[in-house]
Amino acid sequence: MPTVAVPQLSVANLDTAANLDAVAERVAALPDRVAVALFPEYALTGFVADERARAVALDRDGPELDRLRSVAAANDLAIVAGYLERAASDNRLYNALAYVAPDGDTTVYRKRHLRGSEADVVTAGDERVVVETPAGSTGLVTCYDLNVVGDSAAFAADRVDALFVAGAWPAAHSENWRLLLRARALDGVRWVVGAGWTGARDVPDAPETVYAGRSAVVRPDGAVAAALNRDERDLIADLDPEVLAEQREFIPVLDAAGNDDLHTPNPRSGSRNDNGV
């Protein structure tokens, strides 16, 4: 039975060293049974929608991601964390989400659905990503992607067992975040783990934003199994495969007639050496 953890934290904007230290400290303090630790969108870098973003953007083969791999290996668990990525091939910026296995194998998803001023700075990714995790076949999702029902349907057609969601949801709309996590669990009959950024962004010459936190683990029937409010503490939960099997038998939507209409492109799992452009 895989155990997941969300060490909910407030991200230090434009301070990658501080964020890496925080991730390492929080991961080291988790119980030994934890198999995957999830951190929020832009967890390693923070984000502002101006030229300062480029200065903190990371190469997926650079020393910062290498340190994340070292932390995963030292603690024998997988880490999911968002960061601002600079593509080696063309220097474009992406909102990236890395899944780092304990052996260092790294799968990267680039956020496909951008919103607001983010689109002025980063380029949208163009592929969904599914990776094998202790929770089974798992889709990687970032924040506003939750709103796109077509993506959820495609993951359902792929019969993923879980979605790992990295978010930086504004506190003013926190009910939407919680509702969408539950909806995406139910419409694909799968586990959903949402890691929310908490605290506030207070950066000179940038709009201040207060973040929702409210990380949650949602069952395949849409019920919230465990959740946080806005405190910086750990959410730990077991993803029972028997619960998944039971709910898929009870809610057989994945086997229902008409599922041939679902859009079923082949998602490609990225790798640490693949810039995906």
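Within the listed set Leu20, Leu181, Leu38, the Gaussian network model of the chain (springs between alpha-carbon atoms below 10 Å) gives the highest mean-square fluctuation for Leu20.
Scanning residues 5 or more positions from Ser137 or on other chains, those with amide H under 5 Å from its amide H are Asp161, with H placed 1.01 Å from N in the peptide plane.
Averaged over its residues, the chain has an accessible area of 41 Å² per residue, based on protein heavy atoms and a 1.4 Å probe.
On the protein heavy atoms, probe 1.4 angstrom, tell me the percent of accessible surface of the chain carried by carbon and sulfur. Reported share for carbon and sulfur atoms: 47 percent. Helical runs assigned H by DSSP (4 residues or longer) give the chain a calculated mean residue ellipticity at 222 nm of -7000 deg cm²/dmol, each run adding -39500 (n - 2.57) before division by the residue total. Amide hydrogen proximity for Leu235: with H placed 1.01 Å from N in the peptide plane, the residues at 5 or more positions away or on another chain lying under 5 Å are Val6, Gln8.
The values are calculated or read from the model by the stated rules, or taken from the named source; none is laboratory data. Keep in mind that what you see is a predicted model, and the values were worked out from it rather than measured. Just so you know, the surface numbers come from the protein's heavy atoms only, side chains and all, with ligands and any DNA or RNA stripped out. Shrake-Rupley method; radii C 1.70, N 1.55, O 1.52, S 1.80 Å.
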